[in-house]
Amino acid sequence: MTDIAPVITVSNLIKQFGRFAALRGVTAEFAPSRFYAILGDNGAGKTTLLRTLAGLNHPSSGQVTILGSNKFRNICREVGYMAHPALLYDEMSGIENLGYFARLYGIADGKRGADVIRAVGLDPELTRPVGQYSQGMRQRMSLARALLNDPRILLLDEPFSNVDLHSARDMVRLLAGLRDQGKTIFAVTHQASLLEGAADEFIWMEAGKIVARTAEFTEMPKESAR
Amino acid sequence: MSGTLGTSSPPLQTPRPEAAAEVPPSAASAPSGITRATLLKDLRLEWRSKDAINSMLFFSLLVVVVFSFSFDPSAEESRQIAGGLVWVAFLFAAVVALNQTWARELRNQVLDAYRVSPAPANSLFLAKVIGNFIFVAVLETLMTPLFIIFYRLRAIGPAWQLLLVAALGTWALVVNGTFFAAMSIRTRSREIMLPLLLFPISIPAILAMVQATAAILTGEYSARFWIVLLGTYDLVFTTGCLLLFETVLNAE
């Protein structure tokens, strides 16, 4: 860990859904301007951790501090969240969707939506409703929505799922470029090999806990593997 | 640029730092601006899908036609029962729109995108209420002439008061309906839950609507008390829903 103040601090975070504990005491610090890949089997708690960081799940106990604040509302402008579903209206085109979300963030720049759509490799002039996009295009548009408010922290849940290899590599390059611009990126993925050479750290989760953090991508470290 | 994926798609470009700097870092949209944007978005979605308005119209049309064949009331009897008939038809039809209003926010979990944004919860609520008010008002505008024809209605009391009753009554239905529809969206059988929650709490409003309508149609007594009751009901429940909606929106 560097001496730079962490952008996110998670302390003894527990999240229970009824009697099931999805997160079981996660404690970690995350430095700014780094690209974190969050890995683990299904049910390891990756998505729950991301949703808790995004303020969508309330911790059962423990604390999450983002950019020095315990209240997500205070820093929500600095966070971009991309979920596994697209978080887009199927009946509207990409630019219409982004136009609406821009209003929610008070973004007055009318070109911003078109800029981020171009940045993810799509055409802002595309009039087709999002419901008629291919899955890969939906993923890209979803990433464009997450980038809309120019966040300092990006929380991405399965950004490369159903995206062809070439496009996924393009997305990784884009994300690495954003990291180089100073953004902190968290990407939950099952396609960790895509992030080799791009991610700064691989975080392994198992049964609701962080069990290992490695600088290089390997198989799950043996000491933590069951 | 075609926008299609695959090897033909152009390489992704990272956004230029200066492009990001063009965005005002914390310029907050006024809540009224967000309400308007959300309302326009909902109207656009409804215009394209016609999910709510078609279902409501079809349902109301069925009620009018079936009841007109089931009863053969005289003009005087019609004036007595029309208030109840009209409002019950509109109430049931409104439930269709109210269920749709949140269903489209659940597809692709778009509601989460709103929840992570800085937009206030009440802006979303007000936009939904106004949107539903417009949908139900359109339904009432289209169906009222049919009710008048089928039931040979003519107001003996001051007819202009019917507009007031319709506006206050519709608001009463949609403000509670939007709130309880939001409460029930995370339940497994939300289509059943909404009427179970909405109908009992709407009884005072429905009573006031029916009595006021009957008073105006028959001219036998003043509708003033019932209109004041409706206005008070609207005020109390609108305030209550606005105070509680943020909790409902962020409930897990």
Legend entry - chain A, helix-only ellipticity at 222 nm - DSSP H runs n ≥ 4, -39,500 (n - 2.57), divided by all residues, nearest 500: -8000 deg cm²/dmol
Inset, instruction - Would you mind getting me the FRET efficiency between residue A:214 and residue A:16? Use the beta-carbon distance for r and R0 = 25 Å, nearest 0.05. - result: 0.30
Inset, instruction - Please give the net charge around residue A:25, taking every other residue with its beta carbon less than 12 angstrom from that of residue A:25, where Lys and Arg add +1 and Asp and Glu add -1. - result: +3
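Given the rule -39500 (n - 2.57) for each run of at least 4 DSSP H residues, summed and divided by the residues of chain B, what is its mean residue ellipticity at 222 nm, to the nearest 500 deg cm²/dmol? Don't skip to the answer; put the middle values down first.
Values: 9 runs with 193 residues, N = 252.
Calculated at 222 nm, the ellipticity per residue is -26500 deg cm²/dmol.
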Inset, instruction - Grab the Cα-Cα distance for residue B:137 and residue B:232, subtract it from 0.36 nm times how many residues apart they are, and report the gain in nm with one decimal. - result: 32.2 nm
Inset, instruction - Please determine, in degrees from 0 to 90 and to the nearest 10, the orientation of helix B:160-184 with respect to the longest principal axis defined by the Cα atoms of chain B, where the helix direction is its Cα long axis. - result: 50 degrees
Legend entry - Under Karplus coefficients 6.51, -1.76 and 1.60, residue-wise ³J(HN,Hα) of region A:137-153 in Hz, glycine/proline x: 5, 4, 4, 5, 5, 5, 5, 4, 5, 5, 8, 4, 8, 6, x, 7, 10
Inset, instruction - Please give, to one decimal in nm, the separation of the simple spin-label points placed at residue A:127 and residue B:225, each 7 Å out from Cα toward the Cβ. - result: 5.9 nm
Legend entry - Table column - 3J(HN,Hα) (Hz), region B:239-252, Karplus curve with 6.51, -1.76, 1.60, x for Gly and Pro: 4, x, 5, 5, 5, 9, 5, 4, 5, 5, 5, 9, 5, 9
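Select from region A:1-103 those trypsin sites (Lys or Arg not before Pro) which occupy a DSSP coil region and have at most 11 other Cβ atoms within 10 Å, ordered by residue number. Let's see the in-between values first.
Details: sites: A:15, A:19, A:24, A:34, A:46, A:51, A:71, A:73, A:77, A:103; in loops: A:19, A:34, A:71.
The qualifying sites are A:19, A:71.
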Legend entry - Most mobile listed residue (A:142, A:61, A:134) in chain A, GNM with C-alpha springs under 10 Å: A:134
Inset, instruction - Only Cα pairs under 8 Å and at least 6 apart count here; give the relative contact order of chain A as a rounded whole percent. - result: 28 percent
Inset, instruction - Provide a whole-number value for the mean count of partner chain Cβ atoms within 10 Å of the Cβ atoms in peptide A:159-166. - result: 2
Legend entry - Burial ranking of peptide ranges B:154-162, A:119-127 (average Cβ count within 10 Å, highest at the top): A:119-127, B:154-162
Inset, instruction - Could you work out the mean count of beta carbons from other protein chains within 10 Å of each residue's beta carbon in A:75-81? - result: 3
Inset, instruction - Compute the FRET efficiency between residue B:58 and residue A:207 as 1/(1 + (r/R0)^6), taking r as their Cβ-Cβ distance and R0 = 45 Å, and round to the nearest 0.05. - result: 0.30
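Could you work out, residue by residue across B:116-126, how many beta carbons of other chains sit within 10 Å of that residue's beta carbon, and then give the average as an integer?
Average neighbour count from other chains, rounded to a whole number: 4.
Using the Cα centre as the reference, give the magnitude of the dipole from point charges on the C-beta atoms of the protein assembly as shown (Lys, Arg: +1; Asp, Glu: -1; all else neutral), rounded to the nearest 20 debye.
Once rounded to the nearest 20, the dipole reads 320 debye.
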Inset, instruction - In whole angstrom, note down how far apart the Cα centers of region A:142-217 and region B:144-197 are. - result: 49 Å
Inset, instruction - Filter the chymotrypsin sites (Phe, Trp or Tyr not before Pro) in region A:1-91 down to the DSSP loop ones having no more than 15 other Cβ atoms within 10 Å, then list what survives. - result: none
Inset, instruction - Determine ³J(HN,Hα), in whole Hz, for all residues of region A:11-19 in sequence, where each value follows from phi through the Karplus function 6.51 cos²θ - 1.76 cosθ + 1.60 and θ = phi - 60°; x replaces Gly and Pro. - result: 10, 6, 6, 10, 10, 10, 10, x, 9
Inset, instruction - Filter the trypsin sites (Lys or Arg not before Pro) in region B:173-252 down to the DSSP loop ones having no more than 10 other Cβ atoms within 10 Å, then list what survives. - result: B:188
Inset, instruction - Would you give the gap between the C-alpha center of region A:2-44 and the C-alpha center of region B:76-126, rounded to a whole Å? - result: 38 Å
Inset, instruction - Rounded, prolate or oblate: pick one for the protein assembly as shown, where a ≥ b ≥ c are the square roots of the eigenvalues of its C-alpha gyration tensor, a/c under 1.5 means rounded, and failing that, prolate if a/b is larger than b/c, else oblate. - result: prolate
Legend entry - For residue A:13, distant residues with modelled amide H under 5 Å away: A:25, A:26, A:27, A:63
Inset, instruction - Would you list, by chain and number, the lysines whose Cα falls below 28 Å from the Cα of residue A:71, excluding same-chain residues fewer than 8 positions away? - result: A:15, A:46, A:183, A:209, B:128
Inset, instruction - Once you've got the GNM for chain B with C-alpha springs shorter than 10 Å, pick whichever of B:201, B:130, B:192 has the biggest mean-square fluctuation. - result: B:192
Inset, instruction - Would you compute, for the Cα atoms of region A:8-214, the largest minus smallest coordinate along each principal axis and list the three values in descending order, in whole Å? - result: 47, 35, 34
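Computed from the coordinates by the stated procedures, all read-outs in this text should not be read as laboratory data. What you see is a predicted model; the values in this text were computed from it and never measured. Virtual Cβ from ideal backbone geometry, glycine too; neighbours counted across all protein chains shown.
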